[in-house]
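In what follows, a structure is listed as structure tokens, so that the remarks can point back to it.
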Amino acid sequence: MLKIAVLVSGGGTNLQAIIDGIKNRTIMNTEISVVISNNEGAFALERARSSRLEAVCISPKNYEDRESFNEALLKKIDEYNVDLIVLAGFLVKIPEKLVEKYEGRIINIHPSLIPSFCGVGYYGLKVHEAALARGVKVTGATVHFVDSGMDTGPILLQKAVCVEEGDTPQTLQRRVMEQAEWQLLPQAINMIASGKVFLGSKK
Ligand code: GAR
């Protein structure tokens, strides 16, 4: 059984796709051990609780400085002894210590075709605003392993999505979620759970 921690910050539609994937068995052999949000108001926490999952908030606001927040996040994740950390719309930079300890065991979903529209400052709607401003005709989503850079780790899966005439950042975001993200993230987890992708050894 692949034990995962899902880290979230907002609406949690990607978390929902994982919950549904486990229920309808498109994701095999996987259990969500904990859902962690940096934001108490995240609707993702409600989604987790209504599926009877362990849901906790570790907010930087409740810590004196970044270092103590980072320590608390690492400590909380360690408590669950998970095999994989899934960043499902987690909009916080992953602390270096966490990346080191879970090397090769953290995946992230990003709402563009990396290396376009990624890196510092590109998250959520901003990604789609930038894609529209540049006038690209095709965008998409990427699932990649997390390394110490921002959106620079090895790519696991990508899917292209067409931009349509009259798109707004919101309509484009929705299409990228529906046509790419909600399929790719469950697919990536299932590939890992079924041993098609090798994870680094636990530290
Ligand atoms: C998703 O579009 C995800 O790809 C993006 O945030 C959104 C979260 O939505 N992540 C990033 O931009 C990471 N750089 P959700 O809370 O409904 O899953």
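The values are calculated or read from the model by the stated rules, or taken from the named source; none is laboratory data. What you see is a predicted model, and the numbers here were worked out from it, not measured in a lab. Note: ideal-geometry Cβ built from the backbone for every residue, glycine included; neighbour counts use all protein chains shown. Ligands, DNA and RNA are excluded from the accessible area calculation, which covers all protein heavy atoms including side chains. Shrake-Rupley method; radii C 1.70, N 1.55, O 1.52, S 1.80 Å.
Within the stretch 35-54, residues that are open to solvent by less than 10 Å² (accessible area, probe 1.4 Å) have Cβ atoms under 7 Å from residues that are within 11 Å of the ligand (Cβ to nearest atom) and in a loop (DSSP other than H, G, I, E, B) in these pairs: Ser37/Ser9; Ala42/Ser9; Ala42/Gly10; Ala42/Gly12; Ala44/Gly10; Ala44/Gly11; Ala44/Gly12, counting only partners at least 6 apart in sequence or on another chain. Considering Glu67, Glu71, Glu46, the condition of being assigned to a helix (DSSP H, G or I), more than 15 Å from the chain's Cα centre (by Cα) and either within 16 Å of the ligand (Cβ to nearest atom) or β-branched (Val, Ile, Thr) (or both) is satisfied by Glu46 alone.
If you go through the stretch 123-151 and keep only what is out of contact with any strand residue (DSSP E or B) (no Cβ under 8 Å at 6 or more places or on another chain), hydroxyl-bearing (Ser, Thr, Tyr) and at pLDDT 95 or above, you end up with just Tyr123.
Go through the residues of the stretch 85-97 one by one and say whether even a single one is within 30 Å of Val161 (Cα to Cα), modelled with pLDDT of 95 or more and more than 16 Å from the ligand (Cβ to nearest atom). No, that holds for no residue.
Among the conditions (1) more than 16 Å from the ligand (Cβ to nearest atom); (2) touching a helix residue (DSSP H, G or I) at 6+ places or on another chain (Cβ under 9 Å); (3) open to solvent by less than 30 Å² (accessible area, probe 1.4 Å); (4) within 25 Å of Thr30 (Cβ to Cβ), Asp78 misses just one, which is (3). Of the residues in the stretch 160-173, at least one is surrounded by 15 or more Cβ atoms within 10 Å (Cβ to Cβ) and part of a strand (DSSP E or B).
For the stretch 132-152, how many residues meet the condition of being within 14 Å of the ligand (Cβ to nearest atom), aliphatic (A, V, I, L, M) and either open to solvent by less than 40 Å² (accessible area, probe 1.4 Å) or assigned to a helix (DSSP H, G or I) (or both)? Number satisfying all stated conditions: 3.
Counting only residues that are in a helix (DSSP H, G or I) and either open to solvent by 80 Å² or more (accessible area, probe 1.4 Å) or among the hydroxyl-bearing types (Ser, Thr, Tyr) (or both), the stretch 180-203 holds 2 of them. The set of residues from the stretch 114-131 being within 9 Å of the ligand (Cβ to nearest atom), assigned to a loop (DSSP other than H, G, I, E, B) and hydrophobic (A, V, I, L, M, F, W, C) comprises just one member, Cys118.
Looking across the stretch 3-38, the residues that are assigned to a loop (DSSP other than H, G, I, E, B) and either within 15 Å of the ligand (Cβ to nearest atom) or on the phi > 0 side of the Ramachandran plot (or both) come down to Ser9, Gly10, Gly11, Gly12, Arg25, Asn29, Asn38.
With respect to the conditions (1) open to solvent by less than 20 Å² (accessible area, probe 1.4 Å); (2) in contact (Cβ under 8 Å) with a residue 60 or more places away in the chain; (3) in a helix (DSSP H, G or I), Val99 falls short on a single one, namely (2). Flag not set for Ala17, criterion: within 21 Å of Gln187 (Cα to Cα), open to solvent by less than 10 Å² (accessible area, probe 1.4 Å) and in contact (Cβ under 8 Å) with a residue 40 or more places away in the chain.
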